[in-house]
Amino acid sequence: MNAIRTKMPTMPKTKPAPNPLVQAASYFGIGLLFAVGLGVSGMTQPSKVVGFLDITGDWDPSLGFVMAGAIAIHLALYKWIVRRESPLMAGRFGIPTRRDINPRLIGGAALFGSGWALGGLCPGPGLVGAGALGMNALLFVGAMLGGMQLFHMADRWWNGTR
Amino acid sequence: MEHFTPVASTIGGLFIGLAASLMLLLHGRIAGISGIVGGLLKPRPGDVSWRLLFVGGLVVGGVVFSLFFPDMLTDTLQRSPLAVIGAGLLVGFGVRMGNGCTSGHGVCGLTRFSPRSGAAVVTFMTTGAITAYITQQLLGGAL
């Protein structure tokens, strides 16, 4: 792991600013590619998600293959990508470095997992389904944004005004 | 196991991993959907358009599926609107509290062997399995 993070000392180079249109298209394209992956994999079918989580029922292990496929290719490319001095269209890599496991992390993940199983949707597939104007997905995304906002408010309240 | 789709699911996973890799290679960012969406609710100048574009790509993907591949959106889960709203609230609150969801912790975090993401994934898979057991086995699958 440490070997990955160690970068060769190099002189800072000024990079030409990327074409804003290309930059915009790339973000949109990445979102679209992500959506295609979610759709092809079955993540956008709530019943399939619950069929995966409900291991005591008629278990459908498919979604384990989604995670395996995604991690396999990302793992293969990750080391090669972060060996670069900087990303192609940005100044630096913004990779989370926190390692602490605290009650907030576990509590949040626990709530997320129960909501994921209750509705069969996580944030990405919810947004894809909302694009398809699925009634449940639209309701889900609306409530999800509300839940996010509730947490932001609770966080400000707990930690004083920031 | 009549719905088992190992090939399609693996291929879909490859696309997801490729999207996460492109996000990192081009922009140096983690493709964590809940963080990207959550940032839109606390907008900072110069930090909004890329989030909207990415989310726009997801949403347009849904439009394309609904027009050409409606099977990808099959939903036979029996849930009342109230249950769906409850699910959305739990997911929204939970992903912001836990700093990530299936994409950020599950795909990106596990790939870098982040201990935080490992703990998050084990936790949400566990509560997901418990909740699915309650809804599908104890409550009969319709609620």
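Condition check for A:Ile55 on (1) within 25 Å of B:Leu110 (Cβ to Cβ); (2) more than 7 Å from chain B (Cβ to nearest Cβ); (3) open to solvent by 50 Å² or more (accessible area, probe 1.4 Å): one failure, at (2). Here the condition is being touching a Gly at 6+ places or on another chain (Cβ under 9 Å), crowded, with 18+ Cβ neighbours inside 10 Å and facing chain A (nearest Cβ under 7 Å); of B:Gly104, B:Gly109, B:Gly92, it holds for B:Gly92 alone.
Within segment B:30-58, track down each residue that is open to solvent by 30 Å² or more (accessible area, probe 1.4 Å) and either closer than 13 Å to A:Pro123 by Cα or free of Cβ contacts under 8 Å to residues at least 12 places away in the same chain (or both). Within segment B:30-58, B:Gly35, B:Leu41, B:Lys42, B:Pro43, B:Arg44, B:Pro45, B:Gly46, B:Val48, B:Ser49, B:Leu53 qualify. Residue-level check: of (1) within 7 Å of chain A (Cβ to nearest Cβ); (2) touching a helix residue (DSSP H, G or I) at 6+ places or on another chain (Cβ under 7 Å), B:Leu40 misses just (1). Cβ separations smaller than 9 Å between residues 6+ apart or across chains give the following pairs from segment A:96-109 residues that are without any contact (Cβ under 8 Å) to a residue 60 or more places away in the chain and under 15 Å from B:Met125 (Cβ atoms) to residues that are hydroxyl-bearing (Ser, Thr, Tyr) and open to solvent by less than 60 Å² (accessible area, probe 1.4 Å): A:Leu105/B:Thr123; A:Ile106/B:Thr123; A:Gly108/B:Thr123; A:Ala109/B:Thr123; A:Ala109/B:Thr127. Taking the criterion of being closer than 22 Å to A:Gly120 by Cβ, open to solvent by 10 Å² or more (accessible area, probe 1.4 Å) and at the interface with chain A (Cβ under 7 Å from one of its Cβ atoms), the residues of segment B:112-137 that qualify are B:Thr123, B:Met125, B:Thr126, B:Thr127, B:Ala129, B:Thr131, B:Tyr133, B:Gln136, B:Gln137. Among the residues of segment A:98-125, those identified as out of contact with any Ser or Thr (no Cβ under 9 Å at 6 or more places or on another chain) and part of a loop (DSSP other than H, G, I, E, B) are A:Asp100, A:Ile101, A:Asn102.
Here segment A:143-162 is the region considered, the condition is being open to solvent by less than 60 Å² (accessible area, probe 1.4 Å) and more than 7 Å from chain B (Cβ to nearest Cβ), and the residue that is farthest from the chain's Cα centre (by Cα) is A:Gly160.
The values are calculated or read from the model by the stated rules, or taken from the named source; none is laboratory data. Just so you know, these numbers come straight off a predicted model, no measurement behind them. Neighbour counts are summed over all protein chains in view; Cβ atoms, including those assigned to glycine, are modelled from backbone coordinates with ideal geometry. Side chains are part of the model used for accessible areas, which takes the heavy atoms of the whole protein and leaves out ligands, DNA and RNA. Shrake-Rupley method; radii C 1.70, N 1.55, O 1.52, S 1.80 Å.
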